[in-house]
Amino acid sequence: MKKICSLSMILMWGMLVVPSLVSATFFVVVVNKDKRIDTSDRFTDNSDGTVTDNRTGLIWLKKATCGEKKLWQGAMDFAAALHDGWTDDGKGGDCGLADGSSAGDWRLPTRTELRGLVDYNYTEPSLSNAAGDGHWTEGDAFSGVLVDYYWTSDSRAGSNNLDAWYLQFQYGYVGSDPKTDYQNYYWPVRSKK
């Protein structure tokens, strides 16, 4: 069971909340459709350049930094053009995709989707390993995760569409940058086919 410190997490859909009898601490047990305790790993390396998030069903690019930092629109364009056999990562290499994806399948994640990768039990980066029971290390299940800023697809309300949200993987905090002034990394995602 995973200890949760935030009371706002208690009301999440699909969770069974079990209060601790010793203190005001709460524990959350993830329950699947059949109401059995979910014992699967947090992430699955699909061995095709992608990783499945077993909590959300989203498919992430295994290489978290496939390409150089870009302005927001450049990151959006990169993700939309990404496909199996891609060879334009800005470094003369490829993103390692062998998943049969086509241009238009990939996109930048929303702020909520990218934040869903974060495990606040860890820092530098704030990401768990594939099993979900320890701190991330290179290749388990992702590669190239940097303690840096990653764009999301979401524009910040109140900025006249000039700023976009990012997530910083050092501690998992979210902020915003002007779309045309800052270059950040980007971590493409797609839905299951």
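The values are calculated or read from the model by the stated rules, or taken from the named source; none is laboratory data. Just so it is clear, the structure is predicted and the values come from calculations on it, not from any experiment. Don't worry about glycine lacking a Cβ; one is built from the backbone with ideal geometry, like all the others, and counts go over all protein chains shown. Side chains are part of the model used for accessible areas, which takes the heavy atoms of the whole protein and leaves out ligands, DNA and RNA. Shrake-Rupley method; radii C 1.70, N 1.55, O 1.52, S 1.80 Å.
Quick check: at a probe of 1.4 Å, how many percent of the accessible area of segment 36-149 sits on carbon and sulfur atoms? Please report the intermediate quantities before stating the final value.
Values: 2420 of 5200 Å².
Carbon and sulfur: 47 percent of the exposed surface of segment 36-149.
Compute the FRET efficiency between Ser40 and Gln73 as 1/(1 + (r/R0)^6), taking r as their Cβ-Cβ distance and R0 = 41 Å, and round to the nearest 0.05.
Numbers: r = 37 Å, r/R0 = 0.90.
After rounding to 0.05, the efficiency reads 0.65.
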Query raised in the report: Which value, in Å² and to the nearest 10, is the accessible area of Lys63 when all protein chains are kept and the probe is 1.4 Å?
Result: 80 Å²
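Given R₀ = 41 Å, what would the calculated FRET efficiency be for Gln170 paired with Ser102, taking r from the Cβ atoms and rounding to 0.05?
The calculated FRET efficiency here is 0.75.
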Query raised in the report: What is the distance in Å between the Cα centres of segment 166-192 and segment 95-129?
Result: 10 Å
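In what sequence, largest accessible area first, do Ser155, Ser40 appear using a 1.4 Å probe? Write out the running numbers ahead of the final one.
Values: Ser155 40, Ser40 65 Å².
The most accessible residue leads, giving Ser40, Ser155.
Order the following by accessible area, largest value first: Trp72, Trp151. Probe radius 1.4 Å; ligands, DNA and RNA are ignored.
Numbers: Trp72 25, Trp151 0 Å².
Ranking Trp72, Trp151 by accessible area, largest first, yields Trp72, Trp151.
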Query - Surface accessible to a 1.4 Å probe, Tyr173 within the full protein complex, Å² - result: 90 Å²
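For segment 130-180, what does the alpha-carbon gyration tensor say about shape, rounded, prolate or oblate, given a ≥ b ≥ c as the root eigenvalues, a/c under 1.5 as rounded, and a/b over b/c as prolate? Working shown, then result.
Values: a/c = 3.31, a/b = 2.85, b/c = 1.16.
Prolate.
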